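None of the figures in this text is laboratory data; all of them are computed from the coordinates on show. The structure presented is a predicted model; accordingly, all values stated were derived computationally and were not measured. Ideal geometry is used to build each Cβ from the backbone, glycine not excepted, and the neighbour counts take in all protein chains shown.
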Amino acid sequence: MKKRIGILGSTGSIGKNSLIVINNLISNGCDCEVVFLSSNENIIELEKQVIEFKPKSLFINNENSFKSASSNSSFKNTELLNGKQDLLDLVTRNNYDILINSFVGFAGTVPTVEAIKAGKRIALANKETMVVAGKIINELCDKYKTEVIPIDSEHSAILQCLIGEKNGNIKKIILTASGGPFRGYNCEKLKSVTVLDALKHPNWNMGNKITIDSATLMNKGLEMIEAKWLFKVDASMIDVIVHPQSIIHSMVEFCDTSIKAQMGIPDMKVPIQFALTYPERVKSSFVPLDFSTIAKLEFENVDSDSFKCLKIAYDVLILGGTYSAVLNASNEIAVDLFLKEKIAFTDIPGIIEDSLDKHTSVNDFSLEDLINIDTETRIKLIEKYNL
């Protein structure tokens, strides 16, 4: 069956790896077509992608970059789109089947919702969609008879461990965390870390926001909330363990105490390909795991006293309601403040806690409610810190 694919965020890490995966699928006999691509402002990378994959349409978010692309001869045979309505029109068209959404942050939520309504399969790298609006996303998937397949390595691992299993047999989902660049640091040592320090992830090559989330362990907190909605389990059934080597991507423990673990070298191409071919597997030329080169696999408990973001996220996971919208928005702003060197690394959890303390959560909410809460949370912090 032909796979007609659209990619939101094609010039980022996930987007570029997705195109490598598509080439691998084509080389192994799969009929794949890249229907559209999108970028915020990286026209140079987008031009290379257009020349190679010849998509029908391009969405360029940044208006100046859009104007620049309009006069670029490389794009003369490609439809150029810009603006919120163009984006929503693009993801609801009937000329593609699978949407890879690798937008960063809550901005990826509305395109996901509209694509689901149009019956598209979602290969999701934008975890904030499920964190903030997981309840709504699940209801829409049921209504429009489609599905969200995770691209995150941890959630892809869980999905693979659950194939052939009954949900009622799950005892615990165990997310693994590398520990980030500051594994072993105490509260005092964390006070002096710099942006450059925080961006040096030991195992993965990711965008700045996700890399900082990994350093604070908020990334793992968001993944816990995402896991609740993706796999429809209670908060009490989700745990995190530090695994520095990032070889085991996550595990599932079952009622009979058996544990399944999905393993591989840290390579995002593997979960991306699985999301595109699920439930089938296709041969690849990706580098395999060589057990003879692994000296040891280590596991440690999380230091939640030093890395407070994980504890905050777990509290939100238990509380539910609209707290997750505030958690996500305040974290995005706090990370931005840190990247711009306006706050210290250890200020991030305090900003998030303060926003949560000022919020009155509700359990009955719409997508519009979540968008308003997200906007209000951001505005308050932007005004407070003069962003």
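Per residue of segment 219-225, in order, report the coupling 6.51 cos²θ - 1.76 cosθ + 1.60 (Karplus, θ = phi - 60°) as ³J(HN,Hα) in whole Hz, putting x for Gly and Pro.
3, 6, x, 5, 5, 5, 5
How far apart, in nanometres, would the label points at Asp234 and Leu297 be if each is projected 7 angstrom from Cα along the Cα-to-Cβ direction?
2.8
Can you list the aspartates and glutamates whose alpha carbon is less than 15 Å from that of Lys56, not counting same-chain residues fewer than 8 positions off?
Glu33, Glu47, Glu79, Asp86, Asp89, Asp97
Report the Rg/Rh value for the chain, based on alpha-carbon coordinates and the Kirkwood definition of Rh.
A ratio of 0.95.
Amide H of Ile151: which non-local residues (sequence gap of 5 or more, or other chain) have their own amide H closer than 5 Å, using H built in the peptide plane?
Long-range HN contacts for Ile151: Leu124, Ala125.
Listed highest first by mean packing, meaning other Cβ atoms within 10 Å per residue, what order do 47-57, 318-328 come in?
My ranking of the peptides, most packed first, is 318-328, 47-57.
Provide the gained length on full extension for the span Glu52 to Val362, in nm with one decimal, where the gain is 0.36 nm per separating residue minus the Cα-Cα distance.
Answer, rounded to one decimal: 106.8 nm.
So what is the 222 nm mean residue ellipticity for the chain from helices alone, if each DSSP H run of at least 4 adds -39500 (n - 2.57) and you divide by all residues, rounding to the nearest 500 deg cm²/dmol?
Result for the chain, helices only: -14000 deg cm²/dmol.
Compute the FRET efficiency between Val282 and Ile371 as 1/(1 + (r/R0)^6), taking r as their Cβ-Cβ distance and R0 = 41 Å, and round to the nearest 0.05.
0.65
Give the peptides 307-317, 210-220, 229-239 in descending order of average Cβ contacts within 10 Å, highest first.
210-220, 307-317, 229-239
Suppose R0 equals 25 Å; then what is the FRET efficiency for Leu289 and Ser27 from their Cβ-Cβ distance, rounded to the nearest 0.05?
0.70
Semi-axes, largest first, in whole Å: what does sqrt of 5 times each Cα gyration tensor eigenvalue give for segment 3-150?
24, 18, 13
Given a Förster distance of 25 angstrom, what is the FRET efficiency for Lys143 paired with Leu88, based on the Cβ-Cβ distance and rounded to 0.05?
So, using R0 = 25 Å, E works out to roughly 0.85.
Taking just the alpha-carbon atoms of segment 178-230, what radius of gyration and Dmax come out, in angstrom?
For segment 178-230, the Cα radius of gyration and maximum Cα-Cα distance read 11.8, 37 Å.
For segment 9-56, what mean projected area does the convex hull of the alpha carbons give, in nm²?
Across all orientations, segment 9-56 yields a mean hull projection of 3.1 nm².
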